[in-house]
Amino acid sequence: SSYFVKNTDRAYIEARRLLNHRFGDPFLLCREVQAKLKSWPRINNKDAEGLRDNSDFLAKCLTIKLDCGSLDKLDDITEIQEMTSKLPDWCANKWNDKAYNYRMKHRAFPTFDRICTVPSKRVRQGL
C-alpha cells in the first residue's frame, strides 16, 4: 500500500483507519467467526493438533466476544451444543459432565466462556 511509502503521521493514521475498517468491523468479525464455527470440522478422538487448533480458535472467539460485545449469540444453548458436537467424543463427554454440574449448581446453562476452557485444558494435559 502507498501508506507504507509515506512516513508521516497522517499516512499512519490513514493506514490504521483502513485496517480497522477492513478487519475491525464488529459486524464483519461476527459474521466471519460464526461462519468459521459452523464450518469447523469434527475433531477425531486422537487428533491433538485439531483439538489445539479448535482451542486456539475458541480463545480468539472469546477475545472478540469480550472486546466487541457482539457475539452474545455464542452463549445460546444451540450454538454451544453445535460447538460441542465438533469435539472428540471423550472431550464432549467432559463438557457434558461440566455443563450438567454447572446447571445443577446455578440452575442455568453454562455460557460460551465455559466451553472454551474444556478443549484448552485437555490440550494442556496433552490429550
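The values are calculated or read from the model by the stated rules, or taken from the named source; none is laboratory data. Values in this document were obtained by computation on a predicted structure and should not be read as measured data. With ideal geometry, Cβ positions are generated from the backbone for all residues, glycine too; neighbour counts draw on all protein chains shown. Heads up: the accessible areas ignore ligands, DNA and RNA and are worked out on the full protein's heavy atoms, side chains in. Shrake-Rupley method; radii C 1.70, N 1.55, O 1.52, S 1.80 Å.
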Legend entry - Residues of the stretch 30-59 classified as modelled with pLDDT of 90 or more and over 20 Å from K94 (Cβ atoms), total: 4
Inset, instruction - Run K86 past the list (1) in contact with a helix residue (DSSP H, G or I) (Cβ under 6 Å, 6 or more places away or on another chain); (2) open to solvent by less than 60 Å² (accessible area, probe 1.4 Å); (3) under 24 Å from K121 (Cβ atoms) and report the number of the one that doesn't hold. - result: (1)
Legend entry - Verdict on D75 being of a type outside the set (S, T, Y) and out of contact with any helix residue (DSSP H, G or I) (no Cβ under 8 Å at 6 or more places or on another chain): no
Inset, instruction - Would you check if there is a residue in the stretch 61-77 being farther than 29 Å from P26 by Cβ, open to solvent by less than 80 Å² (accessible area, probe 1.4 Å) and of a type outside the set (K, R)? - result: no
Inset, instruction - Give me a count of the residues in the stretch 99-127 that are surrounded by fewer than 18 Cβ atoms within 10 Å (Cβ to Cβ), at pLDDT 90 or above and either aliphatic (A, V, I, L, M) or on the phi < 0 side of the Ramachandran plot (or both). - result: 10
